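Below you'll find the structure, written out as structure tokens, and then a few comments.
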Amino acid sequence: MSEKRVKFATKLGIVAAAAGSAVGLGNIWRFPSQTADGGGAIFIFVYVGCILFFGIPLMVSEFVVGRAAQANTAGAFHKLSPGTQWKWVGRLGVLTGFVIMGFYMVVCGWTLDYFFQSLSGNLHRVSDFTTNFNTLLSNPLRQILWMILFTGMTAFFILSGVKKGIEQSSKFLMPLLFLLLFILAIRSVLLEGSSQGLNFLFKPSMEHVKPTLFLDAMGQAFFSLSIGMGCMITYGSYFNSDINFTKTAVQVSLLDSMVAILAGVIIFPSAFALSTNAGTIVDELVAGGPGLLFITLPELFNQMPLSIVWATLFFCLLSVAALTSTISLMEVVTVYLNEEYRLSRRRSTLLTSFGVIILGVISSLSPPFFNMLDVASAKFMLPLGGLFISLFVGWYLDRKLVSAQLTNEGTLNYGVAFLKVYIFVLRYVAPAAILAIFIYGLVG
Ligand code: PFF
């Protein structure tokens with residue numbers, strides 16, 4: 001642990017790495033299906049509230065803990081509060097990372113499968129996209145092979161120096177993904193009959209509201225921003241001393257939310273416009289669940305000239321976005337094993353991958369297990385981790401240390417009021433809101 005920690009080379013590299021972790025399947029696959037399930041605009045409204053009220057402050061808090069401690073997630077709590085039980089928050093984070101990978105890698109595998117379906121032209125020849133997706137789901141072996149390949153790719157990037165390469169390349173691949181999403185959104189909105197989809201997305205209605213609305217939206221916010229498990233603690237420990245945490249957290253959250261909303265603008269107008277059964281479309285969307293992206297999007301591509309090119313490019317960029325997220329997830333577990341148990345980086349990575357593959361195999365064989373990992377991580381473990389992190393920074397950590405981290409030792413000119421509001425949010429607002437949502441979601 002005495003060796004000097006590697007730092008991200010440039011400021012852009014930092015935003016790219018943090019944004020690379022945040023932007024992933026959570027935005028493009030999970031957000032649309034959660035939005036469908038949560039009743040559309042009303043879900044998005046609560047979701048944005050969660051990002052603002054505790055998403056951004058919590059991301060900043062994780063950066064504070066990481067850079068102050070210069071250690072992995074569990075080590076960070078141990079170092080900043082020796083001899084206390086806070087280390088369990090870090091351990092919970094490591095476990096959460098593991099649980100997320102257990103189902104996330106399976107979806108990464110679907111993405112790779114669709115990439116090859118597009119590239120080979122097979123996707124182009126499909127006439128019923130629902131059946132096409134269900135065929136994949138009913139073939140565990142096919143899912144398992146892709147999942148193992150994706151886990152292997154992630155491990156490769158964690159182990160090799162190529163990680164720098166991915167940092168570099170995500171600087172142009174991410175904007176490219178953004179541009180592509182933008183083009184697809186325009187195409188989707190221009191479809192005849194798309195306006196109903198836009199209404200569903202942006203015009204709040206109480207028609208489909210569920211009692212778990214707040215818990216679902218909060219879970220999605222945590223999941224999408226990669227907060228609540230110490231991923232941003234690990235990344236924060238690589239940050240240079242001149243990084244402005246608040247600015248970085250705002251930039252990452254903004255980018256992340258824009259990608260999610262864009263994904264919504266692509267999927268919902270298309271789904272409504274291309275549905276043959278407009279009357280039951282919302283029920284269909286809800287029933288479609290995790291398949292939404294893999295059913296609706298290929299339908300949209302088929303409406304476009306050069307559909308093979310669009311589909312291939314899309315699933316390729318989506319795989320890259322997913323990879324930058326799985327790298328950050330695996331990094332949390334690997335660095336923990338490496339620093340806390342003194343296993344070599346290689347062993348830590350192999351051990352983590354092995355565990356992930358086992359969970360991934362069970363998830364591929366059993367959709368209820370897959371769902372359980374999804375619900376347990378997004379709706380319980382991440383918010384719980386977030387609750388403890390806000391309490392830790394708000395109540396336990398020395399106020400001087402927090403303000404030194406936030407202001408970069410006084411070089412950033414935040415007024416006293418800013419710090420006061422920030423601490424107030426962490427002490428009272430975030431914990432109370434998270435707790436209330438939790439209890440309401442469980443009892444309601
Ligand atoms: N934020 C990622 C996504 O939206 O796809 C998923 C994720 C990555 C969650 C890293 C948590 C994490 F620590």
Original post:
Given the residues A278, A249, A287, A273, which is the only one that is among the small types (G, A, S) and at pLDDT 95 or above?
Top reply: A249
Original post:
If you go through the range 57-107, how many residues are open to solvent by 30 Å² or more (accessible area, probe 1.4 Å), over 21 Å from the mean Cα position of the chain (by Cα) and not hydrophobic (A, V, I, L, M, F, W, C)?
Top reply: 8
Original post:
How many residues are away from the ligand (no atom under 12 Å from the Cβ), closer than 21 Å to F63 by Cα and in contact with a helix residue (DSSP H, G or I) (Cβ under 6 Å, 6 or more places away or on another chain) if we restrict to the range 13-40?
Top reply: 3
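Tell me whether the range 240-252 contains one or more residues that are near the ligand (Cβ under 9 Å from one of its atoms) and on the phi < 0 side of the Ramachandran plot.
Checked against the condition, which is being near the ligand (Cβ under 9 Å from one of its atoms) and on the phi < 0 side of the Ramachandran plot, the range 240-252 yields no hits at all.
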**OP:** Could you tell me which residue of the range 307-347 is nearest to G236 (Cα to Cα), considering only residues that are more than 16 Å from the ligand (Cβ to nearest atom) and small (G, A, S)?
**Re:** S344
Original post:
Where in the range 224-335 are there helices (runs of 4 or more DSSP H), lying fully within it, with 2 or more residues that are open to solvent by 10 Å² or more (accessible area, probe 1.4 Å) and in contact with a His (Cβ under 9 Å, 6 or more places away or on another chain)?
Top reply: 281-288
Original post:
List the pairs whose first member sits in the range 222-245 and is closer than 16 Å to I51 by Cβ, whose second member is of a type in the set (G, A, S) and open to solvent by 10 Å² or more (accessible area, probe 1.4 Å), and whose Cβ atoms are under 7 Å apart, counting only residues at least 6 apart or on separate chains?
Top reply: M232/S226
**OP:** Test V259 against the stated conditions and say whether it is out of contact with any Pro (no Cβ under 7 Å at 6 or more places or on another chain) and more than 16 Å from the ligand (Cβ to nearest atom).
**Re:** no
Original post:
Does Y440 qualify as being in contact with a Phe, Trp or Tyr (Cβ under 7 Å, 6 or more places away or on another chain), open to solvent by 20 Å² or more (accessible area, probe 1.4 Å) and among the aromatic types (F, W, Y)?
Top reply: yes
Original post:
Can you name the number of the only condition in (1) touching a residue at least 12 places away in the same chain (Cβ under 8 Å); (2) under 30 Å from P140 (Cβ atoms); (3) exposed (fewer than 14 other Cβ atoms within 10 Å of the Cβ) that E409 fails?
Top reply: (2)
Original post:
Would you call L350 more than 16 Å from the ligand (Cβ to nearest atom) and surrounded by fewer than 21 Cβ atoms within 10 Å (Cβ to Cβ)?
Top reply: yes
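Would you pick out the residues in the range 189-216 that are in a loop (DSSP other than H, G, I, E, B), in contact with a Pro (Cβ under 9 Å, 6 or more places away or on another chain) and crowded, with 16+ Cβ neighbours inside 10 Å?
Answer for the range 189-216, where residues must be in a loop (DSSP other than H, G, I, E, B), in contact with a Pro (Cβ under 9 Å, 6 or more places away or on another chain) and crowded, with 16+ Cβ neighbours inside 10 Å: L191, S194.
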**OP:** Please tell me if V99 is within 16 Å of the ligand (Cβ to nearest atom), touching a Ser or Thr at 6+ places or on another chain (Cβ under 7 Å) and under 30 Å from Q303 (Cβ atoms).
**Re:** no
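The values are calculated or read from the model by the stated rules, or taken from the named source; none is laboratory data. This is a predicted model, so every value here is computed, not measured. In this analysis, Cβ positions are derived from the backbone assuming ideal geometry, glycine residues included, and neighbour counts consider all displayed protein chains. With ligands, DNA and RNA removed, areas are computed over all heavy atoms of the protein, side chains included. Shrake-Rupley method; radii C 1.70, N 1.55, O 1.52, S 1.80 Å.
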